[in-house]
Amino acid sequence: MIQSMTGFGKHVIQLPTKKITVELKSLNSKNLDINVRMPSLYREKELDLRRIIAEALKRGKIDFGLYVEITGDETSSEVNEGVVKQYMKQLGAIAKGDEIHLLEMALRLPDALKTDRDEIDEEDYKVIVDALKNSIEKLSAFRSEEGQVLEKEFQERITEMTDLLNRVKEMDPERLASIRPRLQKAVEELKTEVDANRFEQELMYYLEKYDITEEKVRLQNHLNYFTETLRSAQSNGKKLAFISQEIGREINTIGSKANYAAMQQLVVQMKDSLEKVKEQMLNVL
């Protein structure tokens, strides 16, 4: 089953003193491109988080957001009590005032607050990893749903091209049969004697030149292979893109060899169906 590269996943966890939110958004890209937004405290874990994302999502332009909101009494700053008391004592010696006023002044002075360097809580980090994995699961489910829509579209286009190819096969004998009278008429218009043996040799040359037997067989094989790959267990957008290129090559060759208006019209329709496949192929994982 194919997957789209477009997807979204979000997971929120409420802890006693903080709310952790993980968001993942994916868009189409030839390779894996991960953009990270996270608090500086968790930057040392960025490579690990990137690895988890890369192993799970493979390809696409991925936006990863980690948001941590403090909701409780947790804080990294504390009042430096000894320093504040010294400030109040010195201020009280300079000018009289009530303690509340002196405290307000003291708290504005340097070193009144002390900030301990934050350290990552490993339990919190485990929660973040779980939230990330949950978001990946949601994004993957989103990709699979989008992939089902793409698969239905591809199957319709392959069916269209198969039907058109069958019409080409039915028309081919008629096309080849038209070559002899067309050449005969062209010779007659020259109003000159033509050696019968030479005419037959030239006729065989043109028949070989316009023969599309191999192209019809190869095109049918490519269409069948595309369908088989489409239904495989793994999504393989690059492989399907390569097969699409081969399908296009055979359609173009048939068009260049056809030299028959009715068949060339069918070729144009096949090209139109293939172009629609290629447009959607850009979004397949």
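Figures for the structure shown
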{"read-out": "The stretch 214-280: C-alpha pair distances exceeding 14 Å, %", "value": "60 percent"}
{"read-out": "Listed residue (82, 179, 65) projecting farthest to the positive dipole end of the chain, Cβ model", "value": "179"}
{"read-out": "Partners for residue 89 among aspartates and glutamates (Cα-Cα distance below 18 Å; same-chain residues under 8 apart left out)", "value": "81, 98, 99, 104, 111"}
{"read-out": "Distance cut-off 33 Å, percentage of C-alpha pairs in the chain lying past it", "value": "56 percent"}
{"read-out": "For residue 60, distant residues with modelled amide H under 5 Å away", "value": "29, 31, 32, 33"}
{"read-out": "Contour excess over end-to-end distance, with Cα ends at residue 68 and residue 122 and 0.36 nm allotted per residue", "value": "18.0 nm"}
{"read-out": "Angle in degrees between helix 81-94 and the longest Cα principal axis of the chain, rounded to the nearest 10", "value": "50 degrees"}
{"read-out": "Tensor-based shape of the stretch 1-71 (alpha-carbon gyration tensor, a/c under 1.5 rounded, otherwise prolate or oblate)", "value": "prolate"}
{"read-out": "Residue pairs, from the table 25/239; 25/58; 19/126; 19/45, whose Cα atoms sit over 20 Å apart", "value": "25/239"}
{"read-out": "Gain in span if fully extended, residue 227 to residue 51, counting 0.36 nm per residue against the direct Cα distance", "value": "60.1 nm"}
{"read-out": "Coil-residue GluC sites (Glu not before Pro) of the stretch 12-75, DSSP, other Cβ within 10 Å capped at 16", "value": "74"}
{"read-out": "Helix-only CD estimate at 222 nm, as mean residue ellipticity for the chain, using -39500 (n - 2.57) per DSSP H run (n ≥ 4)", "value": "-21500 deg cm²/dmol"}
{"read-out": "Dipole magnitude of the chain, debye to nearest 20 (Cβ charges: Lys/Arg +1, Asp/Glu -1, about Cα centre)", "value": "540 debye"}
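Bear in mind these aren't lab numbers, they're just calculated from the coordinates by the rules spelled out. This one's a predicted model, so the numbers in the text were calculated from it and none came from an experiment. Note that we place each Cβ from the backbone using ideal geometry, even for glycine, and neighbour counts take in every protein chain shown.
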